[in-house]
Amino acid sequence: MMSRREMICIVCPQGCRLTVIEDNTSKENYEVIGNKCPRGKVYGIEEMTNPTRMLPTTVAIGKAFIKRLPVRTEYPIPKAMIADCMTIINRVAVEAPVKMGDIIIQNILNTGVNIIATRDMDKILEL
């Protein structure tokens, strides 16, 4: 059975309208139409076979001026794992001070991807 999917490429600012068609006669098993650069073809095939996303979110933080610390995945993770990752992330609380790039959760769900802080957060001074 041949599948066909329309999508907009998000790799570069051009936003090409792609049509990705499963094609068992080609080397990649997919034909991509509408891409203006080679990256669009790669994106279209990856979206059909193993879609991934960066996951930006926040975790609770104590002893800081604000109550949430912005974090993100170090690399894209499989799209199907986002909800499970959020379940774990929502249970995490850290304490200031934190530096941008600090690992907040190591190797989330055995993906090989860390959750890292995306800003510095100083400890508030207690009076």
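The values are calculated or read from the model by the stated rules, or taken from the named source; none is laboratory data. As the structure is a computational prediction, the values presented were derived from the model and not from experiment. Reconstructed Cβ throughout: ideal geometry from the backbone, glycine too, with neighbour counts over all protein chains shown.
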* Find all pairs meeting these conditions: Cβ atoms under 8 angstrom apart; at least six residues apart or on different chains; first residue within segment 28-43 and over 20 Å from residue 78 (Cβ atoms); second residue assigned to a strand (DSSP E or B) and of a type in the set (Ser, Thr, Tyr). => 32/19; 33/19; 34/19
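Quick check on my filter: what residues within segment 108-118 are assigned to a loop (DSSP other than H, G, I, E, B) and surrounded by 12 or more Cβ atoms within 10 Å (Cβ to Cβ)?
111, 113, 114, 118
Could you list, in sequence order, the residues of segment 104-116 that are free of Cβ contacts under 8 Å to residues at least 40 places away in the same chain and touching a strand residue (DSSP E or B) at 6+ places or on another chain (Cβ under 7 Å)? Write out each step before concluding.
Step one: list which residues in segment 104-116 are free of Cβ contacts under 8 Å to residues at least 40 places away in the same chain, which gives 105-112.
105, 108, 111 - these are the residues of segment 104-116 that are free of Cβ contacts under 8 Å to residues at least 40 places away in the same chain and touching a strand residue (DSSP E or B) at 6+ places or on another chain (Cβ under 7 Å).
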* Per-region count, segment 75-103, residues over 17 Å from the mean Cα position of the chain (by Cα), touching a residue at least 12 places away in the same chain (Cβ under 8 Å) and in a loop (DSSP other than H, G, I, E, B) -> 6
* To do: Determine if segment 62-74 includes at least one residue that is among the acidic types (Asp, Glu) and in a helix (DSSP H, G or I).
  => no
* Among the residues listed as 87, 73, the single one being buried (at least 17 other Cβ atoms within 10 Å of the Cβ), among the polar types (S, T, N, Q) and at pLDDT 95 or above -> 73
